[in-house]
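Contents: one structure, followed by commentary.
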Amino acid sequence: MATPSELRDLETRSQRYWTLDGIPERVMGLVWLLWSAALIAEDALPRSAWGGVLTMAIPAVLVVSGVGANWLIRRLKERLSYPRTGYVGYPEPSRRQRLLAAGVACLAALSLATLILTGRAEGMERVISPAIGLVISLAFLVLSLRQRAPHLLALAGVALALGIGIGMLKLGWRSLNWLFIGLGAASVALGLWRLRRYLAAHPRETQA
Amino acid sequence: MSELDRVIHEPARLRLVALLSGVKEADFLWLLSESGLTKGNLSSHLAKLEQAGYVEVEKTFRGKIPLTLLRLTRSGRSAFAGYKRSLSALMGD
């Protein structure tokens, strides 16, 4: 007879399947590299009209890259993973989950805007890298535990180590660029390694 | 033991129902690779689950390739939830 723990393991198989091929990690890494490239370009450009345009374009780059990443992951899975190990359709998030995610995002944006508008953001550049590194690390830790995916612990460790390490270099706001470059490179490398292993373990077969 | 659903209680079918409970839908190939069953066995157990009204089978195409999509029905989800409750009660959780 199956134990409740064995049943729980079977129920969460589909969640682990999402990162089995390394595609989400690879695309997420590319998005982070794109973000850091946009931030570096904005920083490097002189304060001219073009610099202003780029500054205004950055929020759009962030949003479009998020949507584009989702699209790219699905297209790559359709080409590489579904023909090998099958297709899984994931349940849509419930209304409550959507509201919670939107609430957390609004709260974070509001807190940041308040800090900047009230002039309390001074000195934030010293802690921004360790703080963001810690938040990303905790997110990977939660994901790793929920999905029982130990490889995500490696990214949690990298995020924390990079956040603290880059923070110690005292690069100011530029530390964020380096944090995303490091995280992006680590994520792409992990994704490529997992994709290679996945492709070797699952040669393509025709659909049943 | 009498409270456990006999259709779901069979180990291979329990595996299939538990796998499907975590997804909106999945294709035959995914269930085949995750369940470790043979194609014949998988088809036979899916037919029993479909007969009991627990699984819905949709035959479609992805491009020119045939695709068999499977999903738990509402009654399948409710039967699985009931099975888990009975199992927990039996195990004294």
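Data overview
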| quantity | calculated |
| --- | --- |
| Every residue from segment A:7-50 that is polar (S, T, N, Q) and surrounded by fewer than 15 Cβ atoms within 10 Å (Cβ to Cβ) | A:SER48 |
| Residues satisfying the stated conditions in segment B:78-93, i.e. in contact with a Pro (Cβ under 9 Å, 6 or more places away or on another chain), among the hydrophobic types (A, V, I, L, M, F, W, C) and either part of a helix (DSSP H, G or I) or in contact (Cβ under 8 Å) with a residue 40 or more places away in the chain (or both) | B:LEU87 |
| Residue in segment A:150-208 that is surrounded by the most Cβ atoms within 10 Å (Cβ to Cβ), counting only those that are within 30 Å of B:ALA26 (Cα to Cα) and among the polar types (S, T, N, Q) | A:SER187 |
| Contacts under 9 angstrom Cβ, first residue in segment A:1-19 being more than 8 Å from every other protein chain (Cβ to nearest Cβ), partner assigned to a loop (DSSP other than H, G, I, E, B) and modelled with pLDDT under 85, 6 or more apart | A:ASP9/A:ARG148; A:ARG16/A:ARG148 |
| Elements of type helices (runs of 4 or more DSSP H) contained in segment B:5-50, each with 1 or more residues being facing chain A (nearest Cβ under 7 Å) and surrounded by 17 or more Cβ atoms within 10 Å (Cβ to Cβ) | B:11-21, B:28-35 |
| Per-region count, segment A:2-39, residues over 27 Å from B:VAL23 (Cα atoms) and modelled with pLDDT of 85 or more | 7 |
| Some residue of segment B:62-77 being more than 7 Å from chain A (Cβ to nearest Cβ), touching a helix residue (DSSP H, G or I) at 6+ places or on another chain (Cβ under 8 Å), in a helix (DSSP H, G or I) and closer than 20 Å to A:LEU10 by Cα | yes |
| Where a residue in segment A:109-134 is within 23 Å of A:MET168 (Cα to Cα) and open to solvent by less than 60 Å² (accessible area, probe 1.4 Å) and its partner, wherever it lies, is assigned to a helix (DSSP H, G or I) and modelled with pLDDT under 75, with Cβ under 7 Å and at least six apart | A:ALA121/A:LEU115; A:MET124/A:LEU115 |
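Every residue, every condition in (1) at pLDDT 85 or above; (2) closer than 30 Å to B:ARG62 by Cα, yes or no:
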position: A:ARG126; (1), (2): no, no
position: A:GLY133; (1), (2): yes, no
position: A:ARG148; (1), (2): no, no
position: A:GLY184; (1), (2): yes, no
position: A:ARG197; (1), (2): yes, yes
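The values are calculated or read from the model by the stated rules, or taken from the named source; none is laboratory data. The structure displayed is predicted, hence computed values, not measured ones. Backbone-built Cβ (ideal geometry, glycine too); neighbour counts: all protein chains shown. Remember, those area values only see protein heavy atoms, side chains included, never the ligands or the DNA or RNA. Shrake-Rupley method; radii C 1.70, N 1.55, O 1.52, S 1.80 Å.
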